[in-house]
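Structure first, commentary second.
The values are calculated or read from the model by the stated rules, or taken from the named source; none is laboratory data. It should be emphasised that the depicted structure is a prediction, and the values quoted were computed from it without experimental measurement. Here the Cβ positions follow ideal geometry from the backbone for every residue, glycine too, while neighbour counts run over all protein chains shown. Protein only, heavy atoms only, side chains kept; ligands, DNA and RNA dropped before computing areas. Shrake-Rupley method; radii C 1.70, N 1.55, O 1.52, S 1.80 Å.
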Amino acid sequence: MSVDYADEIARAGKLLRQARYAVALTGAGISTPSGIPDFRSPGSGLWERVNPMIVASLYTFRVRPKVFYDWVRPLAKKLVEAKPNPAHIALAELEASGRLQAVITQNIDGLHQKAGSREVLELHGHVREATCIRCYQVAPTGNFFDDFVASSDIPRCSKCGGVMKPNVVLFGEQLPVGVFNAARACVRRADLLLVAGSHLEVMPASQLPLLVHENGGCIIVVNLSPTYIDEVAEVVIHADVADILPYIVRACVEELDNGQA
Ligand SMILES: [Zn+2]
């Protein structure tokens, strides 16, 4: 498959090599090869009986937390079991080689960190911690995540017995302001943005590539389907990120090793 994109891969590698401050923006498409369904997309298997935009909303969580937890249990099981795939690993290698400054992600699965990425800005939160919706005590999810997957109980606060909400952004909820501001600052510095596995349909993350483009930076898109930013991107590859990113990183790093920077 990658042979089809040999020219694009070489060009993307060269652009990364030349970039002063490269940043990656990742979405659900980088985690689907790890078995995590894109729960925003119909056809992911999570829309069979309910609409996730309703069941995974802040409103439903507050009034009927069991409905949310019953829906999210199969997804949580997949989160516990998921392992980074070659795309996550490629981005971690790129950072380690000094050619990528940060990963901004719309995913909540923590797979970038599991792959070894250090600078990760999680726009939609993560499942490493949960917060009590009554007293706001924050607790690491740790074992309770495994217990929750195995049982039908709702996770409760050890202090007040209130319902614990994973620190993920639900529908109808604001993004964590600090993280989003950090992502925006990061993107403002960037002279290259690598969009990997995001359809760029979920606001406001979807607007970040525009900031780079407006500042004269270049955009590389690797995504299965077209995005709105494709027409101004320097390189566009419509394929699976797990197939393509390792080749791009190799193209970038190997040329460095050959002294052709
Ligand atoms: Zn509490």
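Which value in deg cm²/dmol, rounded to the nearest 500, describes the helix-derived mean residue ellipticity at 222 nm for the chain, given -39,500 (n - 2.57) per DSSP H run of n ≥ 4 and division by the residue count?
Value at 222 nm, helices only, nearest 500: -11500 deg cm²/dmol.
Reachable lysines from K78, Cα under 27 Å, same-chain residues fewer than 8 places away excluded?
Filter leaves K66, K114, K165.
So, with a 1.4 angstrom probe, what is the percent of accessible area on the stretch 183-261 that is carbon and sulfur?
Here carbon and sulfur together make up 47 percent of the probe-accessible area.
Ignoring ligands, DNA and RNA, what accessible area per residue does the stretch 160-261 give at 1.4 Å, in Å²?
I get 44 Å² per residue for the stretch 160-261.
Please state, to two decimals, what the Cα-based radius of gyration of the stretch 119-182 comes to when divided by 2.2 N^0.38 Å (N = residues).
In units of the 2.2 N^0.38 Å rule of thumb, it is 1.18.
Just the Cα atoms of the stretch 162-261, one point each, no solvent: what log10 I(q)/I(0) does Debye give at q = 0.13, 0.25 Å⁻¹?
-0.59, -1.30
Using +1 at the C-beta of Lys and Arg and -1 at the C-beta of Asp and Glu, which of L100, T141, S158 has the Cα lying farthest in the positive direction of the dipole of the stretch 92-172?
Farthest along the dipole direction, towards plus: S158.
Which one, Q18, T60, L79, is farthest towards the positive end of the dipole of the stretch 1-143 when Lys and Arg carry +1 and Asp and Glu -1 on their Cβ?
T60
If one puts a single equal scatterer on every Cα of the chain and applies the Debye formula without solvent, what log₁₀ I(q)/I(0) results at q = 0.13 Å⁻¹?
One equal scatterer on each Cα of the chain leads to -0.82.
Write down the radius of gyration of the stretch 52-140 and its Dmax, each obtained from C-alpha positions, in Å.
When restricted to the Cα atoms of the stretch 52-140, Rg and Dmax are 15.6, 48 Å.
What is the chain's relative contact order, in percent, from Cα pairs under 8 angstrom and six or more apart in sequence?
RCO, the chain: 27 percent.
Quick one: putting +1 on the C-beta of Lys and Arg, -1 on the C-beta of Asp and Glu, what dipole do you get for the chain around its Cα centre, in Debye to the nearest 20?
Result for the chain is approximately 1200 debye, rounded to the nearest 20.
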